[in-house]
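Student: Please read through the structure below; I'll follow up with questions.
The values are calculated or read from the model by the stated rules, or taken from the named source; none is laboratory data. Remember, it's a predicted structure, so these values are computed and weren't measured experimentally. Neighbour counts run over all protein chains shown; Cβ positions are idealised from the backbone, glycine included. Note: accessible area is taken over every heavy atom of the protein model, side chains too, but ligands, DNA and RNA are not part of it. Shrake-Rupley method; radii C 1.70, N 1.55, O 1.52, S 1.80 Å.
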Amino acid sequence: MTQALDERLKHGFGRLLRQHRRDAGLTQDDLGQRAGYYTSLISKLGRGHRPPTTAVAVDLAGALQLKVQE
């Protein structure tokens, strides 16, 4: 994967995460508690500073009551 593609994926995931979190009326802390992760990780993912692992993405989708699509 090229670095440019990696950056676009991280930022795209971050935008979607922020949107779904806000639509659910959750703070970063709320989402972190529901999914079992520290707020700092939720923040890094939401800002596109860190790519999610598959497991983290699945856990966050569950905490947001979203269906995971491959």
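Student: In region 48-64, what residues are in a helix (DSSP H, G or I) and either in contact with a strand residue (DSSP E or B) (Cβ under 7 Å, 6 or more places away or on another chain) or touching a residue at least 12 places away in the same chain (Cβ under 8 Å) (or both)?
Tutor: Once the filter is applied, which keeps residues that are in a helix (DSSP H, G or I) and either in contact with a strand residue (DSSP E or B) (Cβ under 7 Å, 6 or more places away or on another chain) or touching a residue at least 12 places away in the same chain (Cβ under 8 Å) (or both), region 48-64 yields 56, 57, 59, 60, 62, 63.
Student: Mind checking which residues of region 13-29 are assigned to a helix (DSSP H, G or I), without any contact (Cβ under 8 Å) to a residue 40 or more places away in the chain and either at positive phi or not polar (S, T, N, Q) (or both)?
Tutor: 14, 15, 16, 18, 22, 23, 29 - these are the residues of region 13-29 that are assigned to a helix (DSSP H, G or I), without any contact (Cβ under 8 Å) to a residue 40 or more places away in the chain and either at positive phi or not polar (S, T, N, Q) (or both).
Student: Follow-up. With respect to residue 32, determine if the residue is in a helix (DSSP H, G or I) and either modelled with pLDDT of 95 or more or hydrophobic (A, V, I, L, M, F, W, C) (or both).
Tutor: When the stated conditions are applied, residue 32 passes them.
Student: Out of 67, 10, 44, report the one residue that is open to solvent by 60 Å² or more (accessible area, probe 1.4 Å) and in a helix (DSSP H, G or I).
Tutor: 44
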